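Since every read-out is calculated from the coordinates, none of them should be taken as a lab result. This is a predicted model, so every value here is computed, not measured. Here the Cβ positions follow ideal geometry from the backbone for every residue, glycine too, while neighbour counts run over all protein chains shown.
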Amino acid sequence: MMLSLPRLFRALPALALTAALHAPAWAQPPGCTAPLRVGISPLGVAYSRQGGEVKGYDFDLIRELSRRLGCTYDLIEMNRVRIFQSLERGELIDLATSASRTPERDQHALFVPMAQTRDYLLVHKRLAKPDFDLNSFVAMPELKLGVLAGSNYSSFIVARIAVLNRQGRIETTTQADSLIPRLVAGRYDGLVTTPAYFVAALRELPGAADIRALPIPESEPYLSGLYLSRKTLDEPRRQQIREALQSIHQDGTLLRILRNYFPEAMARERAGFKPGG
């Protein structure tokens, strides 16, 4: 269900005169005829809004993108399912943040990689014994797994989720910000997710100190990024935004943003993908 629309926040790009004077040719702001409409949802350290304060690496990325383009932007909060429905229909939004790539999404939008990430299995410390893994979890019939609707997992994880689903051991939610609180509350026994969701929550959420994040070595790292609508943005505009995003990665700005939210090793892994994906 879409969060109260419009839950919309307009922001002006911070255009500094000195930056404009010294910017390379590709960075000269071309301006915009309308604000960029950004589909975004609460997602750990990617985006949050508390007490009027908006923060997160997706928010920082959009601010930097708007500065380079010379555009304003509208943040439109909605859940992940609604974001991808809007992209498919060509309505409400021009781009989506923190999205993994799928063939279905590629039909309606242009994918621009902005992070390399991987999945972890989150469980209570009572389960996190040596050699405990996702297969061990599936083998224990009393355990249930939490899943975020609209998530895209590796084939290894999808196969295990299919087994759990047939056994009635899956609990699905559309609200990303409820994933770890539900795990802490005992609504389910495990959760497959990425560091964006848990690096801050495990440190700050009451009761989360007993949760452990276990790597899933069988699940390969994958790319996450932004999707640019093929229906609301014409080809020149998509390429303009794509080039600006690529420059944010290539000149080290992306890594500097990520260091504000992740430990150094995780930040470097996320920014370590090859240009062009």
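Under 12 Å Cα to Cα from K129, which aspartates and glutamates show up? Leave out anything in the same chain fewer than 8 places away.
Filter leaves no residues.
Any idea which of L233, M78, L191 is furthest toward the positive side of the dipole for the chain, if Lys and Arg beta-carbons carry +1 and Asp and Glu beta-carbons -1?
Of the listed residues, the answer is M78.
If the reach is capped at under 21 angstrom between alpha carbons, list the lysines near K125, excluding any in the same chain fewer than eight residues apart.
K144
Placing +1 at every Lys and Arg Cβ and -1 at every Asp and Glu Cβ, with all other atoms neutral, what dipole size does the chain have around its Cα centre, in debye to the nearest 20?
Details: 35 positive and 28 negative charges, 41 e Å.
Here the size comes out at about 200 debye.
May I ask you to compute the full-extension gain from C32 to K55, defined as 0.36 nm times their residue separation minus their alpha-carbon distance, rounded to one decimal in nm?
Values: separation 23, 0.36 × 23 = 8.28 nm, distance 2.40 nm.
Taking C32 through K55 to full extension adds about 5.9 nm, to one decimal.
Which net charge results when you count Lys and Arg as +1 and Asp and Glu as -1 among the other residues whose beta-carbon is under 10 Å from that of D210?
Working: positive: K125, R126, R212; negative: none.
Taking every other residue near D210 into account, the sum is +3.
Which of the lysines could a cross-linker span from K231 if the Cα-Cα distance has to be under 28 Å and same-chain partners fewer than 8 positions apart are dropped?
Excluding near neighbours in sequence, the set is K274.
List the relative contact order of the chain as a percent without decimals, with contacts defined as Cα pairs under 8 Å and 6+ residues apart. Each step should come with its number before you reach the end.
Values: 488 pairs, mean separation 72.9, N = 277.
Relative contact order here is 26 percent.
Okay, helix-only estimate at 222 nm for the chain: each DSSP H run of n ≥ 4 adds -39500 (n - 2.57), divide by all residues, round to 500 deg cm²/dmol; what do you get? Could you put the intermediate results ahead of the total?
Details: 12 runs with 95 residues, N = 277.
Taking each H run of at least 4 residues, the total per residue is -9000 deg cm²/dmol.
Arranged from highest to lowest average of other beta-carbon atoms within 10 Å per residue, in what order do the peptides 150-158, 165-173 appear? Mind showing how you got there, number by number?
Working: 150-158: 16.0, 165-173: 13.4.
Result, highest mean first: 150-158, 165-173.
Step through the residues of region 109-114 one at a time and calculate ³J(HN,Hα) from phi using the Karplus curve (6.51 cos²θ - 1.76 cosθ + 1.60, θ = phi - 60°), rounding each to whole Hz and writing x for Gly and Pro.
So the Karplus estimates, Gly and Pro as x, are 8, 8, 8, 10, x, 9 Hz.
Region 230-245 to region 120-157: how many Å between their Cα centroids?
Centre-to-centre (Cα) distance: 38 Å.
Give me the number: length gained by fully extending D210 to T72, i.e. 0.36 nm times residue separation minus the C-alpha to C-alpha distance, one decimal in nm. The partial results should precede the final answer.
Details: separation 138, 0.36 × 138 = 49.68 nm, distance 4.22 nm.
Value of the extension gain: 45.5 nm.
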